[in-house]
Amino acid sequence: MNAIYAISPYTVNGQWVFDDSARQLYAEPLVCGADMLCSVLFQKYGNFNLIFTDSGLPEFDFHLTRSSGSGEVEGGTWYKEAASGQDAWLCPALFKYFTVAPDNLYIKANSRQEDFKNEEKQITA
């Protein structure tokens, strides 16, 4: 089954976080490299929405592949961004979306000023 998920990261006191009330996640921190990827997306789009899937997206911004990472952080999964080589750790909240950590994650963002629902429909059609 192909599933596409959406979040809208934002900052609190300089820290990237996101909410997903359907999964009971509130101000969930994005750290250990995931915050750096958010900063890159912010530079490109300003305030942004983010969609992600393990099954590929057209014109994605980032392709993450599961890796051993740099150092141990309990309970999460390390990824490496394909183009830049940036390491990113995704916390155990990842398992609210996937039963096992996917080998690949594709991430696409857009400006919150754009119609996110229309873009999501175009991608899944």
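The values are calculated or read from the model by the stated rules, or taken from the named source; none is laboratory data. Since the model is a prediction, treat every value here as computed from it, not as a measurement. Reconstructed Cβ throughout: ideal geometry from the backbone, glycine too, with neighbour counts over all protein chains shown.
Might you check whether a residue that is within 23 Å of Q113 (Cα to Cα) and among the charged types (D, E, K, R) occurs anywhere in segment 11-22?
yes
Scan segment 43-58 and give yes if some residue there is assigned to a helix (DSSP H, G or I) and of a type in the set (A, V, I, L, M, F, W, C), otherwise no.
Step one: filter segment 43-58 for residues assigned to a helix (DSSP H, G or I), giving 43-45.
Pick out the ones that are also of a type in the set (A, V, I, L, M, F, W, C) and you get none.
Looking for residues that are assigned to a helix (DSSP H, G or I) and of a type in the set (A, V, I, L, M, F, W, C), one finds none in segment 43-58, hence no.
Would you check which residues across segment 63-84 are modelled with pLDDT under 90 and either surrounded by fewer than 13 Cβ atoms within 10 Å (Cβ to Cβ) or among the charged types (D, E, K, R) (or both) and list them?
Hits for segment 63-84 are S68, S70, G71, E72, E74, G75.
Where residues in segment 99-119 are out of contact with any Leu (no Cβ under 9 Å at 6 or more places or on another chain) and modelled with pLDDT of 90 or more, which of them is nearest to A34 (Cα to Cα)? Please lay out each step first, then the result.
Taking segment 99-119 and keeping what is out of contact with any Leu (no Cβ under 9 Å at 6 or more places or on another chain), we get 99-100, 103, 111-119.
Within this subset, residues satisfying the condition of being modelled with pLDDT of 90 or more are 99-100, 103, 111.
On the way: T99: 20, V100: 19, D103: 16, S111: 18 Å.
The extreme case among them is D103.
Regarding F42, is this residue buried (at least 18 other Cβ atoms within 10 Å of the Cβ), of a type outside the set (D, E, K, R) and under 21 Å from Y10 (Cβ atoms)? Let's see the steps before the verdict.
Working: buried (at least 18 other Cβ atoms within 10 Å of the Cβ): no; of a type outside the set (D, E, K, R): yes; under 21 Å from Y10 (Cβ atoms): yes.
When the stated conditions are applied, F42 does not pass them.
Can you tell which of V31, V40 is touching a residue at least 24 places away in the same chain (Cβ under 8 Å) and among the aliphatic types (A, V, I, L, M)?
Numbers: V40 fails: touching a residue at least 24 places away in the same chain (Cβ under 8 Å).
Answer to the selection: V31.
Considering only residues that are in a loop (DSSP other than H, G, I, E, B) and either basic (K, R) or over 10 Å from the mean Cα position of the chain (by Cα) (or both), look in segment 8-42 and name the one that is farthest from G85 (Cα to Cα). Can you show your working first?
Going through segment 8-42, the residues in a loop (DSSP other than H, G, I, E, B) turn out to be 8-9, 13-14, 24, 30-33.
After this cut, where a residue has to be either basic (K, R) or over 10 Å from the mean Cα position of the chain (by Cα) (or both) as well, the list is 13-14, 24, 31-33.
Working: N13: 27, G14: 24, Q24: 31, V31: 16, C32: 14, G33: 11 Å.
Here the residue is Q24.
Using the structure shown, decide if I51 is in contact with a strand residue (DSSP E or B) (Cβ under 6 Å, 6 or more places away or on another chain), surrounded by 17 or more Cβ atoms within 10 Å (Cβ to Cβ), among the β-branched types (V, I, T) and in contact (Cβ under 8 Å) with a residue 12 or more places away in the chain. Quick ask: steps written out before the conclusion?
Working: in contact with a strand residue (DSSP E or B) (Cβ under 6 Å, 6 or more places away or on another chain): yes; surrounded by 17 or more Cβ atoms within 10 Å (Cβ to Cβ): yes; among the β-branched types (V, I, T): yes; in contact (Cβ under 8 Å) with a residue 12 or more places away in the chain: yes.
Here the answer is yes, as I51 does meet what is asked.
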